[in-house]
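Engineer: One structure coming up, written as structure tokens, with questions to follow.
The values are calculated or read from the model by the stated rules, or taken from the named source; none is laboratory data. This one's a predicted model, so the numbers in the text were calculated from it and none came from an experiment. All Cβ positions, glycine included, derive from the backbone under ideal geometry; neighbour counts span all protein chains shown. Protein only, heavy atoms only, side chains kept; ligands, DNA and RNA dropped before computing areas. Shrake-Rupley method; radii C 1.70, N 1.55, O 1.52, S 1.80 Å.
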Amino acid sequence: MEKVKCECGHVNPYGTYLCESCGKPLKEEKGKIANMRYEGVARRSQTYKKSMIDRVWNFFSSVKVGIWIIFALLITSSLGTVFPQEMYIPPGENPAIYYEQAYGTIGLLYYQLGFHNLYSSWWYMLLIASLGISLVIASLDRVVPLYRALSTQRVTRHEGFLKRQRVFGEAEGLDDPEAEMKKAEKVLREKKYKIRKENGNLLAEKGRFARWGPYVNHVGLIIFLIGGMLRFFPEMYTDEHVWVREGEQEVISGTGGNYFVRNNEFAIDLYDEENEMFEAALERAGGSVVESFRTSATLLKRSSNGTVGSETELEEVKDHEIIVNDPLTFEGFSLYQVDYKLNELSTFSFTLESETVDEDFSDFIFEVDLNDPQKLYEFENGYEIEILEYFPNFLIDDNREPTTINRIPDNPRIIFEVFPPDVDREDENAEGEISLIGIQVNESLNGDHDHTIRLAGVEMVDVTGLTIRKDRTLPVISVGAIIFMIGLIQGSYWHHRRIWIQNREGTLLLAGHANKNWHALKKDFSLISANTQIPSPVDQLDEAAKEKENEGVNQNNV
Amino acid sequence: MFEMSSNLMYVAFFLFLASTVLFAVSITGKKFKTREGEEKNKAGLWGYISAVIALIAAVSYFIVRWIAVGHAPVSNMFEYTTALGIAISLAFVIIYPMYKNNYLGIFTMPIVMLIIAYASMFPTEAQPLIPALQSHWLTIHVITTVIGQGILAIGFVGGLIYLIRVIDFTKATKKVLGVEFILFSIIAGIAYILLNVGFNLADYEATFEYTNELGEEAQIDYTMPPLVGPNEGELISGGMNPLFNAPAIIASGDLNVVIWSFLGGLVFYLILRLLFRKPIGGIIQPLVKQVNPQAVDEISYRAIAIGFPVFTLGGLIFAMIWAQIAWTRFWGWDPKEVWALVTFLFYAAYLHLRLSRGWQGEKSAWLCVLGFIIILFNLIFVNLVIAGLHSYAM
């Protein structure tokens, strides 16, 4: 493709609309006003339309396509809020049933279309990916030629360029045009314009760096999206949950077994109902409002001098009161207060009674740790009690067999076998008294017994639920967000403005271009005309609109 | 202290009213010629001064309540909606001096009043903060967001003025229907406020026993006469029998209020139409015939260009920082988050469309209006109807 040489001598790339240097229109365009978008530069997407690559490039470089992608994201995103996403339905519910049950046929359809997991669906991801591609291509397509055009622009512009600016005016018959230009220059300098002069012509420019704002914010967005994508790589993102009972410690997963967290105490504080300020609100809420959930936690680290296989030695690293909005953090990990369980059973204490055996059982008491029960309990008076089976969370399953749902002692049942002193536990033929014991359950499993085990006491602990989070994508995402904000502010709060004043044999030509905020540009022109004899130029768009309206009025009158 | 804050809000409200009147005078009142021969009328300046004093009173309300309650008053529907009203007036006070457009005043001030009045329909007493809200980020995130939305609202006002100015109300077109719908919604909002205040003054209350969506027996209090009753509702005290009962899944009390507001709005609307025998937009149009459409178009574009970064910073970036601290992840697709993203995407699309030819002027005015509808949707509908992590914000 051959380059285009303008009469001013500048060689423009093929496809240029307005000469990069003097602004002379190189292509015929409709309308009174030049299309100043991207300075009329040759953009790759507007120039080459042959190969496959050209087509892909042209597709994604189009702002129109970008806007369609934005609208598609907007509409699909909002669809995802019609009913709750799967992660927000009540825990334990089967989504296949839940949506239909709760929301009827539309709910079922919502589920079948996969909208219950909309934001992780392949087509939503595809939309976000297209947005990313569009950001890259659309920016590259514009920023490179725009940069070239703005750096090669000349002070002296072609008359055709000036006349076709939106704000344009001529000042004829001035007594001393050069003196007036000097005055105008002074005004513009005071308004902090950068002034360049050439052959008695003047270009005043201000806020050019605002032009790079959109590209800077697009770069930020791309970094942000890349950061979001990094999550899908291993090791980048930890999302674990751990329950820690009061007084106990649990390993923090993801730390390679090196760190543990101990729950010293968990507490819930309620707002004082006597509180004068909140009295009315507390009453309306119908009772207690939680003021805080607190876990007094200690972070422990496996001590480094312990040899392999030896007893784990833990040293305390730090204490922290974990509350909502204040996680415990270390080495990129954060432990958040997210859940709790009050009064979980922890210990049962039992006594042994007998109506038939003559023996004093008044001191006979033993405790079973429900999270770690002993197998065998031996007593001074020769009695032995063995735990045959332990079901922390008892359930009769579909095969009518006793089993446990999990290891959490929410509904513990224990099968004990009691061996009085005269029965030898080691003897295979010997049979003790077997019974199943739980809360308000005490059944014999092998006939009549001489002894009865009684549940005499229970101890409970509170359990705190913590989320373990490590997110290595955060630095990338933060950098992206910061760059995005900088670009957004750069492009929104500064405006690129240019004013051309040219002296053509005593007649001053004035033209102005603002990328945004024409109002401020016009105010600067008014300031010039207030301080000089140069009249304010007109807004050719306003003129056109007025003409159109007058025509309309006239037609109506007829 | 607490009472003082309410009184300051009353003062602010009446000053906004005064400002509305003064701006109205500036447009319709007599003009006199200055020595330079320019036609002028000082009422606009006084209207602006009144708006500034009103803003000072409103900000004082905000600060006094903050001190009294112990946290920034942006934690529930009353506080947030009031803050939105104040933010719109703040945005107006900032943008007015740039353009000195009195039409902006006469439209913005009543909207500020309407939003503040709407806010006071929610429980106004001080509420304690639940643990998730106890953070400095509440202050930072919400105040930045509300200021952003306030500035974007000026874009809406500009767009509305533009539409009323340019649309031909003599023909029945979709555009006329659109503007009438917006104006009807505003009237229905006024009707809601008046009905609510009226029935409140009359101490109206009706109580039902009904079966709720979980199939349990429950009680519900109505503050407006029940046109719609709750599912299998039995009136136990006060009031009239409902015309019909709603299914259990619908919050019948809220639906009842919506129907009342709709009917109330309809009555007002029809009265106005019968009196003037033209669309409401057509009634207002002569008032704005002096408006330069290009000027209001630029004001609304400018407002959105200023408000968009503020909203993005507050509603997305600060929101993400806080979500990371309080909810363990910076983004979780909670409905409120999604609708903040939708708002962001919408205005981003608007700003890109402004680059295209043919999207300045009327089309972009429609977008400005739609954008503010999305903001209000996120405030009202998402908080009150779509349950989510943010639904504490009742």
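Residues checked against (1) in contact with a Gly (Cβ under 6 Å, 6 or more places away or on another chain); (2) within 14 Å of another protein chain (Cβ to nearest Cβ); (3) within 30 Å of residue A:134 (Cβ to Cβ); (4) acidic (Asp, Glu):
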site	(1), (2), (3), (4)
A:228	no, yes, yes, no
A:247	no, no, no, no
A:266	no, yes, no, no
A:291	no, yes, no, yes
A:328	no, yes, no, no
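Engineer: Does the stretch B:111-142 hold any residues that are open to solvent by less than 30 Å² (accessible area, probe 1.4 Å), assigned to a helix (DSSP H, G or I), in contact with a helix residue (DSSP H, G or I) (Cβ under 6 Å, 6 or more places away or on another chain) and facing chain A (nearest Cβ under 9 Å), and which are they?
Structural biologist: Result: B:132, single match.
Engineer: What residue, of A:335, A:342, is within 28 Å of residue A:254 (Cα to Cα), touching a Leu at 6+ places or on another chain (Cβ under 9 Å), in a strand (DSSP E or B) and of a type in the set (A, V, I, L, M, F, W, C)?
Structural biologist: Just one listed residue meets the conditions, A:335.
Engineer: I'd like to check something: does the stretch A:303-316 contain any residue that is open to solvent by less than 60 Å² (accessible area, probe 1.4 Å), within 14 Å of chain B (Cβ to nearest Cβ) and farther than 28 Å from residue A:459 by Cβ?
Structural biologist: no
Engineer: Does the stretch A:169-184 contain at least one residue that is without any contact (Cβ under 8 Å) to a residue 12 or more places away in the chain, open to solvent by 80 Å² or more (accessible area, probe 1.4 Å) and either in contact with a Phe, Trp or Tyr (Cβ under 8 Å, 6 or more places away or on another chain) or in a helix (DSSP H, G or I) (or both)?
Structural biologist: Checking the stretch A:169-184: at least one residue is without any contact (Cβ under 8 Å) to a residue 12 or more places away in the chain, open to solvent by 80 Å² or more (accessible area, probe 1.4 Å) and either in contact with a Phe, Trp or Tyr (Cβ under 8 Å, 6 or more places away or on another chain) or in a helix (DSSP H, G or I) (or both).
Engineer: Applying the selection to the stretch B:123-140, what residues are in contact with a Ser or Thr (Cβ under 7 Å, 6 or more places away or on another chain) and more than 17 Å from residue A:281 (Cβ to Cβ)?
Structural biologist: Across the stretch B:123-140, there are no qualifying residues.
Engineer: Could I ask something else about it? Which ranges mark the strands (runs of 3 or more DSSP E) fully within the stretch A:346-402 that have 1 or more residues being of a type in the set (Val, Ile, Thr)?
Structural biologist: A:365-369, A:384-391, A:394-396
Engineer: Failed condition for residue A:126, given (1) closer than 19 Å to residue A:69 by Cα; (2) open to solvent by 20 Å² or more (accessible area, probe 1.4 Å); (3) touching a residue at least 60 places away in the same chain (Cβ under 8 Å), with all others met?
Structural biologist: Status for residue A:126: all satisfied but (3).
Engineer: Could you please find all residues in the stretch A:503-533 being open to solvent by 60 Å² or more (accessible area, probe 1.4 Å), within 14 Å of chain B (Cβ to nearest Cβ) and in contact with a helix residue (DSSP H, G or I) (Cβ under 7 Å, 6 or more places away or on another chain)?
Structural biologist: Answer for the stretch A:503-533, where residues must be open to solvent by 60 Å² or more (accessible area, probe 1.4 Å), within 14 Å of chain B (Cβ to nearest Cβ) and in contact with a helix residue (DSSP H, G or I) (Cβ under 7 Å, 6 or more places away or on another chain): just A:515.
Engineer: Restricting the search to the stretch B:352-378, which residues are in a helix (DSSP H, G or I) and open to solvent by 40 Å² or more (accessible area, probe 1.4 Å)? So that I can check it myself, show each step before the final result.
Structural biologist: If we filter the stretch B:352-378 for residues that are in a helix (DSSP H, G or I), which is where we start, we get B:352-353, B:362-378.
Once the filter is applied, which keeps residues that are in a helix (DSSP H, G or I) and open to solvent by 40 Å² or more (accessible area, probe 1.4 Å), the stretch B:352-378 yields B:352, B:362, B:363, B:366, B:370, B:373, B:376, B:377.
Engineer: Given B:59, B:11, B:64, which one is under 25 Å from residue A:278 (Cα atoms), at pLDDT 90 or above and buried (at least 19 other Cβ atoms within 10 Å of the Cβ)?
Structural biologist: Unique residue meeting the criteria: B:64.
Engineer: Under the condition of being assigned to a helix (DSSP H, G or I) and surrounded by fewer than 21 Cβ atoms within 10 Å (Cβ to Cβ), which residue from the stretch B:332-341 is nearest to the other protein chains (Cβ to nearest Cβ)?
Structural biologist: That would be B:341.
Engineer: Do we find a residue being in a strand (DSSP E or B) and open to solvent by 60 Å² or more (accessible area, probe 1.4 Å) anywhere in the stretch A:143-162? Write out each step before concluding.
Structural biologist: Initially, the stretch A:143-162 is screened for residues in a strand (DSSP E or B), giving none.
No, the stretch A:143-162 has no match at all.
Engineer: Another question about this same structure. Of the residues B:140, B:88, which is closer than 19 Å to residue B:379 by Cα, under 13 Å from the mean Cα position of the chain (by Cα) and not charged (D, E, K, R)?
Structural biologist: B:88
Engineer: Would you confirm whether or not the stretch A:534-544 contains a residue that is within 12 Å of chain B (Cβ to nearest Cβ), under 15 Å from residue A:203 (Cβ atoms), hydrophobic (A, V, I, L, M, F, W, C) and assigned to a helix (DSSP H, G or I)? Before the answer, list the steps.
Structural biologist: Kept after step one, since they are within 12 Å of chain B (Cβ to nearest Cβ), are these residues of the stretch A:534-544: A:539-544.
Next, only the ones that are under 15 Å from residue A:203 (Cβ atoms) stay: none.
There is no residue in the stretch A:534-544 that is within 12 Å of chain B (Cβ to nearest Cβ), under 15 Å from residue A:203 (Cβ atoms), hydrophobic (A, V, I, L, M, F, W, C) and assigned to a helix (DSSP H, G or I).
Engineer: I'd like the full set of residues that are farther than 16 Å from residue B:248 by Cα and surrounded by 14 or more Cβ atoms within 10 Å (Cβ to Cβ), limited to the stretch B:198-221.
Structural biologist: B:199, B:204, B:205, B:206, B:207, listed by residue number.
Engineer: Considering only strands (runs of 3 or more DSSP E) fully contained in the stretch A:406-501, which possess at least 2 residues that are surrounded by 21 or more Cβ atoms within 10 Å (Cβ to Cβ) and within 14 Å of chain B (Cβ to nearest Cβ)?
Structural biologist: Details: elements: A:413-419, A:433-438, A:441-444, A:451-471.
In the stretch A:406-501, A:451-471 are the strands (runs of 3 or more DSSP E) which contain 2 or more residues that are surrounded by 21 or more Cβ atoms within 10 Å (Cβ to Cβ) and within 14 Å of chain B (Cβ to nearest Cβ).
Engineer: Out of all the residues in the stretch A:10-56, which are open to solvent by less than 40 Å² (accessible area, probe 1.4 Å) and small (Gly, Ala, Ser)?
Structural biologist: Residues satisfying the conditions are A:15, A:21, A:23, A:34, A:40, A:42, A:45.
Engineer: Moving to a separate point now. Applying the selection to the stretch A:263-284, what residues are surrounded by 14 or more Cβ atoms within 10 Å (Cβ to Cβ) and in contact (Cβ under 8 Å) with a residue 24 or more places away in the chain?
Structural biologist: A:263, A:264, A:265, A:266, A:267, A:268
Engineer: Further question on the same structure: (1) open to solvent by less than 30 Å² (accessible area, probe 1.4 Å); (2) over 26 Å from residue A:408 (Cα atoms): which one isn't true of residue A:298, the others all being true?
Structural biologist: The number of the failed condition is (2).
Engineer: Next question. Where in the stretch B:166-248 are there strands (runs of 3 or more DSSP E), lying wholly inside it, with at least 3 residues that are at pLDDT below 85 and closer than 30 Å to residue B:288 by Cα?
Structural biologist: none
Engineer: Suppose we filter A:260, A:232 for residues that are crowded, with 19+ Cβ neighbours inside 10 Å and either modelled with pLDDT under 90 or farther than 30 Å from residue A:149 by Cβ (or both); which single one remains?
Structural biologist: Every option except A:260 fails the conditions.
Engineer: For the stretch B:61-86, name all the residues that are within 14 Å of chain A (Cβ to nearest Cβ), of a type in the set (Gly, Ala, Ser) and not in a helix (DSSP H, G or I). Lay out the reasoning, then the answer.
Structural biologist: Just the residues of the stretch B:61-86 that are within 14 Å of chain A (Cβ to nearest Cβ), to begin with: B:64-71, B:73, B:75-79.
Now narrow it down to the ones that are of a type in the set (Gly, Ala, Ser): B:68, B:70, B:75.
Hits for the stretch B:61-86 are B:70, B:75.
Engineer: Please identify the pairs in which a residue from the stretch A:73-96 that is facing chain B (nearest Cβ under 7 Å) has its Cβ atom under 7 Å from the Cβ atom of a residue that is open to solvent by 50 Å² or more (accessible area, probe 1.4 Å) and part of a loop (DSSP other than H, G, I, E, B), counting only partners at least 6 apart or on another chain.
Structural biologist: The qualifying pairs are A:80/B:333; A:85/B:333.
Engineer: Something else: If residue A:319 passes every condition in (1) assigned to a strand (DSSP E or B); (2) in contact (Cβ under 8 Å) with a residue 12 or more places away in the chain; (3) within 14 Å of chain B (Cβ to nearest Cβ) but one, which one does it miss?
Structural biologist: That leaves (3) as the condition not met.
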